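Participant: Below: one structure in structure tokens.
Derivation of every value follows stated rules applied to the coordinates shown; laboratory data play no part. These figures come from a predicted structure and were not determined experimentally. Quick reminder, even Gly has a Cβ in these numbers, built from the backbone with ideal geometry, and neighbours come from all protein chains shown.
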Amino acid sequence: MSKSNNTHLNTIVSDHIAPEILLIEDQHSLAHMTAAMLYERWDFAVTIATTKQQAQDIIRKKPGVFFLAVSDLNLPDAPHGEIIDVLTAAKLPFIALTGMFNEQMRNDIMSRGAIDYVLKDTINAYEYIVELVGRLHKNTLTKVLVIDDSASVRAMLQEMLRIQFIQVVTAENGREGITKLWQQPDIKLVLVDHEMPVMDGFTFLSTVRRKLSKVQLAVIGISGSENKQLSAQFLKMGANDFIAKPFSYEELACRVRQNLEMQEGIEAVRYIAFHDYLTGLLNRRAFFEQGAVLFNQNIKHANPLAVAVIDIDFFKKINDAYGHDAGDITLKHFAAILVEHFGANLVARIGGEEFAVLIDETTNVEARFEALRLHVASAIVDFNNMQIAYTISIGLTQQSQSGLNAMLKLADTNLYTAKNSGRNQLVAV
């Protein structure tokens, strides 16, 4: 973004629905750099103001639009942090940028409702801001359970987390916490006190860890005890972290953020390990691991199963005629159709142009796969002003075998028959 664009308010708009950020910064280069980083990292729309008056005008014209504000406290027409009054009057959450720091300033900023403050002169200040804003947006979909027998502590923790845009569920003892956790499986993190009536923090933790691992649910232990061994006990029993009372808002925010990001990082790695990078479907490894579990469960209860192996016909010709980008788009196109028809089942890309489906119910299965074949045969892939038509061949079996591999082998034999019989057909034996 060049300086020639600085004569008017600059709005960077994403093609996707995304929150809008109000960035208040009088240094044009810093403002545009930060706006670009927010857009590139998160696709966030950013509106820039360079003065207090400009910010007031924008807020008045766009009430309730902004997710939050990131604001310098030293502006040409508001050198002493007067912008905070504007933001609090508009009930607009804000992150404060400051070029200097002392304890009195920190206390004043935080007491006036700041989400956080950032020293502008530090090397990673703007990267921190960008990551923090992204974290806060993720927090709107993040649920945390707070378990403490003290109503005042619960209220304090709830308010601290609310400032971070986190959804909060509360419980006054471990037993109530267990009930709420099972009722709301989308809870990502638990803050649990040690000493509580009915069920203490240790008992809660040991109960939870029988079902949910540290990757599946983060737990942070809390205690005001002077027992120095308590933190080690919590961690040995399966807690992800521990905070000693009393703690500051900033310490809690950092610990919660760190644990959520660690959890998300592990989930991202697991997703990559078990999903095909191109189509987003399960990969071969995941199909065989999850398929074996599903197969054994259904065989144990004598439930019928069906396995299909599907191949895109003459896929090499698509690559040769239109290029590999066209081939990739065709693979994604078919994957989307496959999910449309069988998304509730186990669906995977197990080879270059080969896909597999495992179904644990067999009502009208053959008709459903025939409908899939017809759908593909009538579909068109648009690529660079060209239209690509393609077909699929399907090998299907509903015959119970000794294992998943045996069923896949039979389905693959049927696929071979379909391809040798002219392709664009379903063979089910």
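Participant: Checking the cross-link filter: which lysines have an alpha carbon closer than 24 Å to that of Lys332, excluding same-chain neighbours under 8 positions apart?
Facilitator: The reachable lysines, counting only those whose Cα sits under 24 Å from Lys332, are Lys316, Lys317, Lys419.
Participant: Still on this structure, please answer the following. Arranged from highest to lowest average of other beta-carbon atoms within 10 Å per residue, in what order do the peptides 268-280, 145-157, 346-358 appear?
Facilitator: On the way: 268-280: 13.2, 145-157: 18.2, 346-358: 20.9.
Peptide ranking by packing, descending: 346-358, 145-157, 268-280.
Participant: Let me ask you something else. Which one of Gly64, His137, Ala78 is farthest out on the positive end of the charge dipole of the stretch 49-155, using unit charges on Cβ (Lys, Arg +1; Asp, Glu -1) and the Cα centre as origin?
Facilitator: Value: Gly64.
Participant: Can you work out the PRE-style zone for Val65? Point 7 Å along Cα to Cβ, and I want the residues of the stretch 31-48 with backbone N under 14 Å.
Facilitator: Those under the cut-off are 45-48.
Participant: Roughly speaking, what is the stretch gain from Met33 to Glu289, that is 0.36 nm per residue apart minus the C-alpha to C-alpha distance, in nm to one decimal?
Facilitator: Answer, rounded to one decimal: 87.6 nm.
Participant: Only loop residues by DSSP count here, and only those with at most 15 other Cβ atoms within 10 Å; note down the GluC sites (Glu not before Pro) in the stretch 151-260 that meet that. Mind dumping the intermediate values first?
Facilitator: Working: sites: Glu159, Glu172, Glu176, Glu195, Glu226, Glu250, Glu251; in loops: Glu172, Glu195, Glu226.
Filter output for the stretch 151-260: Glu195, Glu226.
Participant: Answer rounded, prolate or oblate for the stretch 284-428, using the Cα gyration tensor with square roots of eigenvalues a ≥ b ≥ c: rounded when a/c is under 1.5, else prolate when a/b is larger than b/c, else oblate.
Facilitator: prolate
Participant: What FRET efficiency comes out for the pair Lys228/Ala321, r = Cβ-Cβ distance, R0 = 45 Å, nearest 0.05?
Facilitator: 0.05
Participant: If you don't mind, another one. Tally the DSSP beta bridges in the chain and give the antiparallel ones as a percent, rounded to 5.
Facilitator: Values: 23 of 64 bridges.
Counting DSSP beta bridges with both partners in the chain, the antiparallel share is about 35 percent.
Participant: Say each of Arg162 and Gln425 gets a label point 7 Å from the Cα, pointing the same way as Cα to Cβ; how far apart are those two points in nm?
Facilitator: Inter-label distance under the simple model: 6.8 nm.
Participant: Still on this model: Grab the beta carbon distance between Glu370 and Tyr271, set R0 = 30 Å, and tell me the FRET efficiency rounded to 0.05.
Facilitator: Values: r = 32 Å, r/R0 = 1.08.
For R0 = 30 Å, the calculated efficiency reads 0.40.
Participant: Oh, and also: Which of the three applies to the chain, rounded, prolate or oblate, going by the alpha-carbon gyration tensor with a ≥ b ≥ c and a/c under 1.5 meaning rounded?
Facilitator: In terms of gyration-tensor shape, oblate.
Participant: Continuing with this model, one more query. Mean separation of Cα pairs under 8 Å and 6+ residues apart, divided by the residue count of the stretch 82-152: what relative contact order is that in percent?
Facilitator: Relative contact order for the stretch 82-152 comes out at 25 percent.
Participant: Right, another one. Take every Cα pair under 8 Å in the chain that's 6+ residues apart, average their separations, divide by the length, and report that relative contact order as a whole percent.
Facilitator: Normalised by residue count, the contact order of the chain is 8 percent.
Participant: What does the C-alpha gyration tensor say about the overall shape of the stretch 3-134? Classify as rounded when a/c is under 1.5, otherwise prolate if a/b is larger than b/c, or oblate.
Facilitator: Rounded.
Participant: Could you check the simple spin-label distance between Val153 and Glu264, using points 7 Å along Cα→Cβ, in nm with one decimal?
Facilitator: My value for the distance between the label points is 2.8 nm.
Participant: Just subtract the alpha-carbon distance of Tyr128 and Ser213 from 0.36 nm times their residue separation and send over the number in nm, one decimal.
Facilitator: 27.7 nm
Participant: Is there a quick way to get the dipole size of the chain? I mean about its Cα centre, with the Cβ of Lys and Arg at +1 and of Asp and Glu at -1; what is the value in debye to the nearest 20?
Facilitator: 900
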